[in-house]
Amino acid sequence: AIALVAFVCVGVFLVWWWNPGVDLQPWRSGHPPGPWAAWQRQVDVWRDDGLRREPDHEYRPLESISVDLQLAVLVSEDINFFGHGAVDPEAVGEAIGEWWRGSRLRGASTISQQLARTLFLSHDRSWWRKIEEARLAWWLEKRLGKKRILELYLNVVEFGPGLLGAEAAACHYHGLSADELNAEHAAELAACLPSPGRDNPATATDLWSLRREIILRRIDGAGWLRERLEALNEGPARPSSLPEEG
């Protein structure tokens, strides 16, 4: 009886996993289609405060976003982005090991997982949300590909209160377009990502300053990743042939 229940549970889980649960077709190219989860959360916060506002956001294709910013974000958030799938088993193992030794459990989320959460999920800290995040990240990689995932991430991630995406952040903090950012500008923006509401160029906290310096050092040592990004920006946004949603 136990074996049968286990078999049924595994079957149900696999059926659930094998369906993304959202229509990813509109996300394959161009401007993000309508408000996403993080956008709506910010609007709801403002509404609760009696404000009728929308986040500052302007879409830019990857080729119109500085390679320095692309590099800064990857060395900060997911340096092995091109070397693993939707989930990075090595990073997960390291996080669990640190937790086992008494440290606070950290996320170890890939760019794909962070994008899945930003677009479709809540910020609840639960194991079930992490499983949903992994499933959606797997489907994002399957349907969209690495280049489109990076492009979307840089267009929807929060760089400060109500500042969504690279173009809004570049304009707000530096008076520049996203394609004009140099390595120092890029490090300042990437240093926002773990806690953009608290640590950003406007608040200039000690933690933000420390992150900025670490990211600048990592940029200097990641020439191999810069070359990969430069080649990526010259190629197509996604595979020329992708299966239809099933």
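The values are calculated or read from the model by the stated rules, or taken from the named source; none is laboratory data. This one's a predicted model, so the numbers in the text were calculated from it and none came from an experiment. When we count neighbours, we look across all protein chains shown, and the Cβ atoms used for this are built from the backbone with ideal geometry, even at glycine. For accessibility, only protein heavy atoms count, side chains too; no ligands or nucleic acids. Shrake-Rupley method; radii C 1.70, N 1.55, O 1.52, S 1.80 Å.
Let me know the whole percent of all Cα-Cα pairs from the stretch 16-69 that are separated by more than 13 Å. Don't skip to the end; give the middle numbers.
Working: 1032 of 1431 pairs.
Result: 72 percent of Cα pairs exceed 13 Å.
For Leu216, what is the net charge nearby, where nearby means another residue's Cβ is under 13 Å from its Cβ and Lys, Arg count +1, Asp, Glu -1?
Net local charge, Leu216 excluded: -1.
Show the residues, 5+ positions off or on another chain, whose built amide H is closer than 5 Å to the amide H of Leu176.
Cys171
How do Arg53, Arg60, Arg129 stack up against each other in accessible area, from largest to smallest, with a 1.4 angstrom probe?
Arg53, Arg60, Arg129
Around Asp88, which amide H atoms from residues at least 5 apart in sequence, or from another chain, sit under 5 Å from its own amide H, with H modelled in the peptide plane?
Those qualifying (amide H under 5 Å, at least 5 residues apart or on another chain) are Thr110.
Hey, what do the phi angles of the stretch 62-79 turn into as Karplus ³J(HN,Hα) couplings, whole Hz, using 6.51/-1.76/1.60 and θ = phi - 60°, x for Gly and Pro?
Going residue by residue, I get 4, 5, 9, 10, 3, 4, 4, 6, 4, 5, 4, 5, 5, 5, 7, 9, 6, 5 Hz, with x marking Gly and Pro.
Which semi-axes, in whole Å and largest first, does the equivalent ellipsoid of the stretch 110-176 have when worked out from the alpha carbon gyration tensor as the square roots of 5 times its eigenvalues?
24, 15, 6
Which length gain, in nm to one decimal place, applies between Arg125 and Gln25 when the Cα-Cα distance is subtracted from 0.36 nm times their residue separation?
Here the answer is 33.2 nm.
With every protein chain kept in place and ligands, DNA and RNA left out, what is the accessible area per residue of the stretch 119-246? Probe 1.4 Å, answer in Å². Let's see the in-between values first.
Details: 6050 Å² over 128 residues.
On a per-residue basis, 47 Å².
Enter the accessible area of Tyr153 (Å², nearest 10), with the probe set to 1.4 Å and all protein chains included.
About 0 Å², rounded to the nearest 10.
Would you mind checking which residues have amide H under 5 Å from Glu58's amide H? H placed 1.01 Å from N; only 5 or more apart, or other chain.
For Glu58, the qualifying residues are Glu167, Ala168.
Could you give me the ³J(HN,Hα) list for the stretch 144-154, computed from phi with Karplus coefficients 6.51, -1.76, 1.60 and θ = phi - 60°, whole Hz, x at Gly and Pro?
Coupling constants for the stretch 144-154: 9, x, 4, 5, 5, 4, 5, 4, 4, 4, 5 Hz.
Looking at the stretch 115-236, what % of the alpha carbon pairs are farther apart than 17 Å?
On the way: 4736 of 7381 pairs.
Within the stretch 115-236, distances greater than 17 Å cover 64 percent of Cα pairs.
In square nanometres, what is one fourth of the surface area of the convex hull spanned by the alpha carbons of the stretch 142-182?
On the way: hull surface 12.8 nm².
For the stretch 142-182, the mean projected area of the Cα convex hull comes to 3.2 nm².
For the stretch 49-94, what does the alpha-carbon gyration tensor say about shape, rounded, prolate or oblate, given a ≥ b ≥ c as the root eigenvalues, a/c under 1.5 as rounded, and a/b over b/c as prolate?
oblate
Quick one: Karplus J couplings for the stretch 186-192, per residue in order, coefficients 6.51, -1.76, 1.60, θ = phi - 60°, nearest Hz, x for Gly and Pro?
4, 5, 5, 6, 4, 5, 6
Got a sec? What order do Ser112, Ser177 fall in by accessible area at 1.4 Å, biggest, i.e. largest, first?
Values: Ser112 0, Ser177 45 Å².
Most to least solvent-accessible, the answer reads Ser177, Ser112.
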